[in-house]
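Accompanying notes for the structure given below.
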């Protein structure tokens with residue numbers, strides 16, 4: 001159906017929906033705001049703003065939160081997002097920890113928990129633990145599964161639509177089997193969103209960290225695994241196959257022994273050499289004995305152990321080589337280091353020293369301040385965006401044939 005003149009019912013309804021979406025976007029961004037302020041921000045007439053606010057309030061998406069006092073004239077009613085408009089569950093699947101949180105659409109965290117698991121846990125055991133974690137989070141928040149608008153799960157890997165399964169899953173045993181997605185959808189619903197864990201951390205960095213003020217940056221995570229989330233022009237770049245950022249497979253490290261070669265075939269040459277496990281192997285080859293961990297190697301290097309210092313220097317060089325490849329291809333404004341190794345004391349300076357000798361240009365380098373909750377925070381950020389699409393879809397919309405061509409799938413354009 002073709003939209004005709006400005007006075008046609010279809011056109012009027014479309015304009016009303018777009019006005020409501022515009023005001024809702026302002027309220028989400030600003031927080032408490034009055035009708036006069038919304039009229040000024042949106043450049044809509046006050047009667048139009050009043051009608052749109054009434055519709056949004058009737059739909060349960062916003063609420064009046066009080067009045068602004070202390071200014072001349074009538075006290076202005078303030079509006080804010082209604083927290084109960086929706087809830088998002090974010091889950092992080094790691095090798096040794098499962099983490100999760102629930103947030104409402106006003107941005108308040110209702111519950112946050114973590115659960116330790118065995119690194120060797122199989123996929124069924126890990127999915128069962130995720131179910132328990134989700135149940136505990138819902139109980140702590142005083143909610144039921146039916147209250148959730150969206151669930152987002154962050155984990156290693158890339159979705160392969162041909163197999164309907166995850167690939168490139170790194171160190172999660174059995175996580176690449178197609179039955180895993182079947183079990184996850186059974187546990188959390190068919191609308192479950194999957195997000196690569198490092199991509200999720202990059203989303204968190206964009207929403208809450210150093211990425212807020214730049215248009216392009218790379219979040220490079222170095223810990224039990226290695227990965228990158230790349231944000232270009234303010235948007236997460238996934239690539240044609242979802243594999244953008246899988247820098248674990250960069251061929252910048254040669255295998256030092258058969259153990260390294262075997263690990264490289266499974267998880268990529270850079271990850272085999274420069275992840276925590278690679279650091280431990282390098283430390284043992286250098287002669288360090290006893291219980292050795294990546295943390296212990298960095299601590300020993302800080303204390304002046306020459307063997308540990310050489311291992312850390314070699315690690316910094318590997319990471320600098322990987323970052324140089326990223327700079328040469330994408331030229332981001334900023335590189336943020338995350339993960340247990342990436343955030344180690346003094347490591348950024350060591351990487352920067354090597355990078356100055358290698359890179360064609362030098363981006364700004366920062367250490368992430370988001371901590372272990374970064375993946376959960378990114379899942380929540382992605383989930384909140386999706387949840388708003390879901391709840392606003394419940395507002396009266398035009399039938400698909402009546403939609404204006406610039407609004408794909410009936411979703412009003414973002415502003």
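The values are calculated or read from the model by the stated rules, or taken from the named source; none is laboratory data. These numbers come from a predicted model, not from an experiment. Reconstructed Cβ throughout: ideal geometry from the backbone, glycine too, with neighbour counts over all protein chains shown.
For the stretch 141-151, a residue qualifies if it is within 15 Å of residue 111 (Cβ to Cβ) and either exposed (fewer than 15 other Cβ atoms within 10 Å of the Cβ) or under 21 Å from the mean Cα position of the chain (by Cα) (or both), and the qualifying residues are 142, 144, 145, 148, 151.
Under 24 Å from the mean Cα position of the chain (by Cα) and in the same structural domain as residue 251 (by TED's automatic domain parsing): is that true of residue 297 in this structure? In short, no. With respect to being without any contact (Cβ under 8 Å) to a residue 40 or more places away in the chain and either in a strand (DSSP E or B) or outside the structural domain of residue 247 (by TED's automatic domain parsing) (or both), residue 187 falls outside the description. Just one residue in the set 98, 23, 78 is assigned by TED's automatic domain parsing to the domain that holds residue 380 and crowded, with 16+ Cβ neighbours inside 10 Å; that residue is 98. Taking the stretch 26-37 as the range and being over 16 Å from residue 85 (Cβ atoms) and either modelled with pLDDT of 90 or more or exposed (fewer than 14 other Cβ atoms within 10 Å of the Cβ) (or both) as the test, only 30 passes. Taking residues in the stretch 85-112 that are part of a loop (DSSP other than H, G, I, E, B), and partners anywhere that are surrounded by fewer than 17 Cβ atoms within 10 Å (Cβ to Cβ), the pairs with Cβ atoms closer than 7 Å and at least 6 places apart or on different chains are 95/119; 96/116; 96/119; 105/83; 106/83; 108/83. Taking the conditions exactly as written (within 27 Å of residue 390 (Cβ to Cβ), within 19 Å of the chain's Cα centre (by Cα) and crowded, with 23+ Cβ neighbours inside 10 Å), does residue 158 satisfy them or not? When the stated conditions are applied, residue 158 does not pass them.
The condition of being in the same structural domain as residue 226 (by TED's automatic domain parsing), closer than 17 Å to residue 231 by Cα and in contact (Cβ under 8 Å) with a residue 12 or more places away in the chain holds for only one of 333, 345, that being 333. When restricted to residues that are in a helix (DSSP H, G or I) and farther than 22 Å from residue 268 by Cα, the stretch 296-326 contains 12.
Conditions tested, residue by residue: (1) farther than 30 Å from residue 146 by Cα; (2) buried (at least 19 other Cβ atoms within 10 Å of the Cβ).
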{"residue": "195", "(1), (2)": "no, yes"}
{"residue": "198", "(1), (2)": "no, yes"}
{"residue": "202", "(1), (2)": "no, yes"}
{"residue": "215", "(1), (2)": "yes, no"}
{"residue": "224", "(1), (2)": "yes, yes"}
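Restricting the search to helices (runs of 4 or more DSSP H) fully inside the stretch 334-396 and requiring at least 3 residues that are surrounded by fewer than 23 Cβ atoms within 10 Å (Cβ to Cβ) gives 347-358, 374-393.
Candidates are the residues of the stretch 20-63 that are in a strand (DSSP E or B) and in contact with a helix residue (DSSP H, G or I) (Cβ under 7 Å, 6 or more places away or on another chain); the one that is nearest to residue 395 (Cα to Cα) is 62. Could you please find all residues in the stretch 360-381 being within 20 Å of residue 350 (Cβ to Cβ) and touching a strand residue (DSSP E or B) at 6+ places or on another chain (Cβ under 7 Å)? Of everything in the stretch 360-381, those that are within 20 Å of residue 350 (Cβ to Cβ) and touching a strand residue (DSSP E or B) at 6+ places or on another chain (Cβ under 7 Å) turn out to be 363, 364, 365, 366, 367, 368. Considering (1) surrounded by fewer than 17 Cβ atoms within 10 Å (Cβ to Cβ); (2) under 25 Å from residue 198 (Cβ atoms), the lone condition that residue 291 does not fulfil carries the number (2). Within the stretch 158-182, the residues that satisfy the criterion of being closer than 20 Å to residue 100 by Cα and at pLDDT 90 or above are 180, 181. For the stretch 118-142, the set of residues classified as assigned to a loop (DSSP other than H, G, I, E, B) and touching a strand residue (DSSP E or B) at 6+ places or on another chain (Cβ under 6 Å) is empty. For the stretch 61-75, filtered to residues that are within 30 Å of residue 141 (Cα to Cα) and modelled with pLDDT under 90, the residue that is surrounded by the most Cβ atoms within 10 Å (Cβ to Cβ) is 62.
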